[in-house]
1. Kirkwood hydrodynamic radius for region 1-127: how many Å is it when counted over pairs of different Cα atoms?
2. If you filter region 206-256 for trypsin sites (Lys or Arg not before Pro), then keep DSSP loop positions with at most 15 other Cβ within 10 Å, what is left?
3. Which GluC sites (Glu not before Pro) in region 148-227 sit in a loop by DSSP (not H, G, I, E or B) and have at most 15 other Cβ atoms within 10 Å of their own Cβ?
4. For all pairs of alpha-carbon atoms in the chain, what percent lies in each bin of width 10 Å, listed from the first bin to the last filled one?
5. Return the sequence-ordered ³J(HN,Hα) values of region 19-28 in whole Hz as given by the Karplus equation 6.51 cos²θ - 1.76 cosθ + 1.60 applied to θ = phi - 60°, using x for Gly and Pro.
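Only the coordinates and a few stated rules stand behind these numbers; no lab work does. Predicted model, so just to flag it, every value in this text is computed and none were measured. As a convention, Cβ positions derive from the backbone with ideal geometry for all residues, glycine included, and neighbour counts pool all protein chains shown.
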Amino acid sequence: MLAVDTFDGVQSVRGTLSFFGSPLKACFFVVDGLMIDTGPRSLARETIPFLQDVPIEQVALTHNHEDHVGLSSWLIRSKGVRAFIHNASVEATARRKKLPWHRRYSWGTNPPFVSHPLPVRLERDKHTFEVIPTPGHTVDHVVFFEKEKGWLFTGDLFVSTNPVQWAPDESANQFIASLQRVLELDFDTVFCGHAGIRQNGKKLISRKLGYLLELRDKAVDLSNKGYSIHQIDRILFPKKPPSTYITRGEWSSYHMVNSLLDSAGKTKNFTGNS
Ligand SMILES: [Zn+2]
Ligand SMILES: [Zn+2]
């Protein structure tokens with residue numbers, strides 16, 4: 001299912017999939033001939049007919065995850081556009097990625113594609129988008145900032161104010177620094193890769209930062225009292241969402257707690273989920 005909205009000249013497209021009964025949403029945006037993220041491969045059947053008539057000259061990717069780069073190869077082939085991504089992922093986009101089954105099942109595997117390193121800013125006819133590196137969710141994550149309008153295209157930096165699970169390779173240290181970095185910018189509207197368009201975006205990102213810092217304080221306090229990382233995880237998150245079981249712990253609060261403790265200088269003790 002595809003929902004299309006227009007906000008101040010930005011086309012916002014949201015696709016919804018079902019993941020074992022729970023809705024899974026992915027969003028991408030088209031503005032001034034620039035497409036920001038391309039949605040997952042599993043939405044190709046709905047997305048491609050929509051994109052046929054949309055003028056697109058460039059593709060800018062927030063990071064190399066299959067729910068954001070899924071239709072890049074189709075866009076390059078069909079519209080003759082160039083796709084830009086963080087320098088660190090240019091080689092990786094040209095190779096087929098091996099994904100865990102649950103990511104293949106929900107988002108689909110995207111075909112490899114040729115990408116180019118993002119410049120410091122993308123100049124379009126009406127808008128200029130500054131490229132701001134925001135590692136944490138992944139090392140190659142960036143956001144796009146349109147200063148005149150106060151717009152921030154955030155990929156997976158925001159998603160929600162209070163996440164309850166992370167993947168094992170997410171870095172709390174970098175995530176917190178990235179949230180602090182974007183809070184220095186003057187923006188109000190967030191264009192999120194999963195939550196869509198959100199007003200009062202600065203307040204929302206500030207709430208997410210506050211949540212992570214508070215969670216870290218609680219985890220450190222428990223660690224200082226002698227609790228193990230698994231015990232701290234169970235105290236802070238006694239109820240696990242179904243996706244933690246479905247992904248066999250790949251998406252888990254344990255990884256968030258572990259990384260938050262690591263960012264506070266507490267010994268990292270990664271042993272997977274149990
Ligand atoms: Zn992602
Ligand atoms: Zn995502």
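1. By the Kirkwood definition, the hydrodynamic radius is 14.8 Å.
2. Listed in order of number, the matching sites are Lys225, Lys239, Arg248.
3. Within region 148-227, the qualifying GluC sites (Glu not before Pro) (loop, at most 15 other Cβ atoms within 10 Å) are Glu148, Glu184.
4. Per 10 Å bin, starting at zero, the Cα-Cα P(r) for the chain comes out as 7, 30, 35, 22, 6, 1, 0 percent.
5. Taking θ as phi minus 60°, the curve returns 10, 6, x, 9, x, 10, 10, 9, 10, 9 Hz for region 19-28.
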